[in-house]
Amino acid sequence: MTKTEQYTQLIPQIKALIEQQSNIVGALCNVTALLKEAFDYYFWVGFYIVKDQSLQLGPFQGSVACYTIAKGKGVCGTSWDSQKTIIVDDVEQFKGHIACSSLSRSEIVVPIFKDNEVVAVIDVDSKDLASFDEHDAKGLETIAQLVAPLF
Ligand code: SME
């Protein structure tokens, strides 16, 4: 199965998980669980949520992570600031990368928009170099749109 097919297959499940769900933390936890199980190259997957003018750690699957990221800092803060998806093939080459785990080698961060503002980001780390491509970007951007109403 291609990556695109894998992401497409998850869409009905994600819709069902968040439909009429008032338990926002639980729903976001379930989305991370679904993604972590679906993709074997996902080492860490989670949400950082905009609150008090910074990104705050939200539901995730993976190892312990930093709580707060300032706007413009790290891959997550840069994605928030630029309002763009960022793919990093080698985290050591990204100036200002925030290393929550030394095992992380590549990363993708996708902004989640509500009313044209970034309200959160989806962050995914891999233990391998260059794990993420435009298919992950497209798939995760679709998922970002699906979960946006939760924020
Ligand atoms: N590497 C991220 C920080 C979050 S952890 O990867 C979970 C960054 O540079 O923003």
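Give me Rg over Rh for the range 54-110, both radii from the alpha carbons and Rh done the Kirkwood way, two decimal places. Numbers along the way, then the final one.
Values: Rg = 10.7 Å, Rh = 11.6 Å.
Answer for the range 54-110: 0.92.
With a 10 Å radius around each residue's Cβ, average the other Cβ atoms per peptide and rank 142-148, 76-82, highest first.
Numbers: 142-148: 17.3, 76-82: 21.0.
Descending mean neighbour count gives 76-82, 142-148.
Can you list the residues, at least 5 places off or on another chain, whose amide H is less than 5 Å from the amide H of GLY58, using H built in the peptide plane?
Long-range HN contacts for GLY58: PHE47, TYR48, ILE49.
At a Cα cut-off below 18 Å, give the aspartates and glutamates reachable from LYS36, other chains included and same-chain residues fewer than 8 away excluded.
GLU5, GLU107, ASP123, ASP125, ASP128, ASP133, ASP136, GLU141
What is the diffusion coefficient of the chain in µm²/s, taking the Kirkwood radius over Cα pairs and the Stokes-Einstein relation at 37 °C with a viscosity of 0.692 mPa s?
Details: Rh = 15.1 Å.
Roughly 217 µm²/s, to the nearest whole number.
Students often check this: by mean Cβ neighbours within 10 Å, which of 52-61, 15-24, 103-112 ranks highest, and how do the rest follow?
On the way: 52-61: 16.9, 15-24: 12.3, 103-112: 22.7.
Ranked from most to least packed, the peptides come out as 103-112, 52-61, 15-24.
Computed from the coordinates by the stated procedures, all read-outs in this text should not be read as laboratory data. This is a predicted model, so every value here is computed, not measured. All Cβ positions, glycine included, derive from the backbone under ideal geometry; neighbour counts span all protein chains shown.
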